[in-house]
1. Identify, from the list 52, 76, the residue that is free of Cβ contacts under 8 Å to residues at least 40 places away in the same chain and under 19 Å from residue 27 (Cα atoms).
2. Among the residues that make up region 51-63, is at least one of them surrounded by fewer than 21 Cβ atoms within 10 Å (Cβ to Cβ) and within 16 Å of residue 158 (Cα to Cα)?
3. Find the residue count for region 65-88, including only residues that are among the aliphatic types (A, V, I, L, M) and either touching a Pro at 6+ places or on another chain (Cβ under 7 Å) or farther than 11 Å from residue 133 by Cα (or both).
4. Within region 5-64, restricting attention to residues that are among the polar types (S, T, N, Q) and outside any helix (DSSP H, G or I), which residue is farthest from residue 131 (Cα to Cα)?
5. In region 1-37, which residue that is among the aromatic types (Phe, Trp, Tyr) and in contact with a helix residue (DSSP H, G or I) (Cβ under 7 Å, 6 or more places away or on another chain) is modelled with the lowest pLDDT?
6. Restricting the search to region 91-135, which residues are in contact (Cβ under 8 Å) with a residue 40 or more places away in the chain and touching a Gly at 6+ places or on another chain (Cβ under 8 Å)?
7. Hey, which of the strands (runs of 3 or more DSSP E) in region 98-182, taking only ones fully inside, have at least 2 residues that are in contact with a strand residue (DSSP E or B) (Cβ under 6 Å, 6 or more places away or on another chain) and surrounded by fewer than 20 Cβ atoms within 10 Å (Cβ to Cβ)?
8. Go through region 70-84 and report how many residues are surrounded by 15 or more Cβ atoms within 10 Å (Cβ to Cβ) and more than 21 Å from residue 101 (Cα to Cα).
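The values are calculated or read from the model by the stated rules, or taken from the named source; none is laboratory data. What you are looking at is a predicted structure, and each value in this text was computed from that prediction instead of being measured. So basically every Cβ, Gly included, is an ideal-geometry build from the backbone, and we count neighbours across all protein chains shown.
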Amino acid sequence: MTGQVSFDSHARNVLAASVEYVNRLTPGESGGAAYAVPDDKAQAVADALVAIGYPQPSVRSEDARRLAMLAGRMRIVFEAAHSGDLDRAADEVNSLLLDTNARPQLDRRNDGWSLHFHGPDDGLVNGWAAGCAAGLALALGTGLAGRLGVCAAPHCDRVFVDVSRNGQRRFCSPQCQSRVKAAAHRARQTT
């Protein structure tokens, strides 16, 4: 796929939140080292929201636990989409949409109306979890599933959304890309 990716600003925000939740609230590997979920999940959730540009929120422990559980399910979507198993990704997204009671709603903004997805209330967990589920559904349902990725660097399983023009992103961060390039350079130098 070439050209600019057509996620609107709300979809970009909820997809960015999905990435932050998965990367901060699921164990695995990151940047070549083991990654354990922080003990303070509430702070990890707050940090995820700050990372995408929201003011420092107050996060309750029970909300953080629920988002951590949902982040594990979002990881399934990223991994399935990345491997090309769109049926598995769609099944998990459909389950997330049901479990979060995501519902579309037009919200008035300064520049007009904007389509958002909310849960049954606008609390932190329901609002963000439903929005993330809907954002993943939009990616899968609009032919942009190939833009959901898992880092290709050894010993890193962090996820990303590829919004590049050429759709060729392979790494979660410039650090992982540099690490792989440096290792390839060292391998060429020894041969």
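1. Values: 52 fails: under 19 Å from residue 27 (Cα atoms).
Only one candidate passes the filter, namely 76.
2. Our first condition is that a residue be surrounded by fewer than 21 Cβ atoms within 10 Å (Cβ to Cβ); within region 51-63, this holds for 51-58, 60-63.
After this cut, where a residue has to be within 16 Å of residue 158 (Cα to Cα) as well, the list is 51.
Checking region 51-63: at least one residue is surrounded by fewer than 21 Cβ atoms within 10 Å (Cβ to Cβ) and within 16 Å of residue 158 (Cα to Cα).
3. As a first pass, look at region 65-88 and keep what is among the aliphatic types (A, V, I, L, M): 67-71, 74, 76-77, 80-81, 86.
In the following step, the residues that additionally are either touching a Pro at 6+ places or on another chain (Cβ under 7 Å) or farther than 11 Å from residue 133 by Cα (or both) were identified as 67-69, 76, 80-81, 86.
Count: 7.
4. Filtering region 5-64 down to residues among the polar types (S, T, N, Q) leaves 6, 9, 13, 18, 23, 26, 30, 43, 56, 58, 61.
Right, trim to outside any helix (DSSP H, G or I) and you get 6, 26, 30, 56, 58.
Working: 6: 17, 26: 19, 30: 25, 56: 19, 58: 19 Å.
So, considering only residues that are among the polar types (S, T, N, Q) and outside any helix (DSSP H, G or I), the one farthest from residue 131 (Cα to Cα) is 30.
5. Our first condition is that a residue be among the aromatic types (Phe, Trp, Tyr); within region 1-37, this holds for 7, 21, 35.
Narrowing the set further to residues that are in contact with a helix residue (DSSP H, G or I) (Cβ under 7 Å, 6 or more places away or on another chain) leaves 7, 21.
Details: 7: 59, 21: 97.
Step by step, filter region 1-37, then rank; the result is 7.
6. Within region 91-135, 116, 117, 125, 129 meet the criteria.
7. Working: elements: 103-109, 112-118, 148-150, 159-161.
Per the criteria, 103-109, 112-118.
8. So the answer is 4.
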